[in-house]
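Single-structure report; data block below.
The values are calculated or read from the model by the stated rules, or taken from the named source; none is laboratory data. Just so it is clear, the structure is predicted and the values come from calculations on it, not from any experiment. As a convention, Cβ positions derive from the backbone with ideal geometry for all residues, glycine included, and neighbour counts pool all protein chains shown. Keep in mind that these areas ignore ligands, DNA and RNA; they rest on the heavy atoms of the full protein, side chains included. Shrake-Rupley method; radii C 1.70, N 1.55, O 1.52, S 1.80 Å.
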Amino acid sequence: TVRQAGGGKIVSLSKATHKALNRKALIEKRLLQALDQKNLKVLYQPQIDVYSGKITAVEALVRWEDEVIGVVSPDELIPIAEETGLINNIGSFMLEKACEQALIWKKAGLDLKVSINSSVREFRDKNMAQSILEMLAKTGCPASLIQIEITEKFALEAEAATFITQQMHKLENEGISFVLDDFGTGYGSFRYMQILPIDTLKIDKAFTSALLKSEKTQKLINGMIQLGKSMELRVVAEGVETAEQADLLITYGCDVIQGYHISKPITSEEVEALLVK
Ligand code: C2E
Ligand code: MG
Ligand code: MG
Ligand code: MG
């Protein structure tokens, strides 16, 4: 039971709620330590450009195996990190890794962009754009090698939207490009398309996995791709698991394919092995 502040009312929490709160608190505590010790890992998922048939970019995805809790999936980790503010720390960890890795590949003569994930919410931090530029300067990574995938599951008030758009423009001017991730599932996909300086749409994997199941979905996805094209955006499909899905998406005009059909997320060494093959 918990005594509510002020009211003095006794609220009884269910066992399940208690357990969830405990796990969240534990994750928060361990995550803070993991970030401190840079104990998170990064896997990279290749993306294939359909015109050249080559891997031209990889998406950096966070991986965390804690010695006490075990593996914590991004789907559990990211919402907790967003709630507690630790998402900014994950963001800068991932950015540093991405910059270092992109530079290593560039020096090795490999032409690979690295995409990192970021919540629109991270751009509410007034230092976001500046600290990204500082990281580029610190690592010596050219801005043109970094892409930022933006996700937002909530509506954004006008004031915050203006501020966020300004920060993104600042980065865009320096050569960073933006991808609208999970396109079609977010609260404000169409609004973001209008106000944010994005150059790529990424069709959510929920659409890809439904692609072959219904004609309606095929029409919808084809329409989404045409919409992207008409706005002169690049279109990426994620979650592509079969050749049939890839073929259909390419027929519709999709520019880039990502998914288990190409490769699951892999280590940087495995990416290099794929490229050399
Ligand atoms: P996302 O950015 O949309 O990433 C795609 C997710 O789909 C990844 O899951 C990836 O492993 C998975 N995936 C890739 N290909 C396939 C496929 O063919 N089939 C299926 N079923 N799944 C596929 P993951 O790594 O578990 O990440 C889940 C989400 O967590 C990401 O979705 C992203 O929103 C978030 N996330 C992951 N890493 C980070 C990060 O470093 N920072 C932030 N802010 N969010 C992250
Ligand atoms: Mg993504
Ligand atoms: Mg996505
Ligand atoms: Mg997603």
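Quick notes
- Most mobile of LEU233, LEU212, LEU145 in a GNM of the chain (Cα contacts under 10 Å): LEU212
- In the chain, the calculated helix contribution to ellipticity at 222 nm averages -15000 deg cm²/dmol per residue, counting -39,500 (n - 2.57) for every DSSP H run with n ≥ 4.
- Treating r as the C-beta distance of GLU76 and GLU232 and R0 as 41 Å, the FRET efficiency rounds to 0.65.
- Taking Cα atoms only, the orientation of helix 215-230 departs from the longest principal axis of the chain by about 80 degrees.
- Approximate spin-label separation LEU21-LYS107, in nm, with each point projected 7 Å along Cα-to-Cβ: 5.0 nm
- Sparse-neighbourhood loop sites, GluC sites (Glu not before Pro) in the range 32-89 - DSSP loop, at most 10 other Cβ within 10 angstrom: GLU67
- Here is the list for the range 212-242: trypsin sites (Lys or Arg not before Pro) lying in DSSP coil, each with at most 14 other C-beta atoms within 10 angstrom of its C-beta, are LYS213.
- Acute angle (nearest 10 degrees) that the helix 243-252 long axis makes with the longest principal axis of the chain, alpha-carbon atoms: 70 degrees
- Residue-normalised accessible area of the chain, expressed per residue, 1.4 Å probe, Å²: 52 Å²
- Among PRO142, PRO79, PRO46, residue whose mean-square fluctuation peaks in a GNM of the chain (springs only between Cα atoms under 10 Å): PRO79
- GLU244/GLN166 FRET efficiency (R0 41 Å; Cβ-Cβ; nearest 0.05): 0.45
- Using R0 = 45 Å, the C-beta based FRET efficiency linking ALA206 and ALA137 works out to 0.75.
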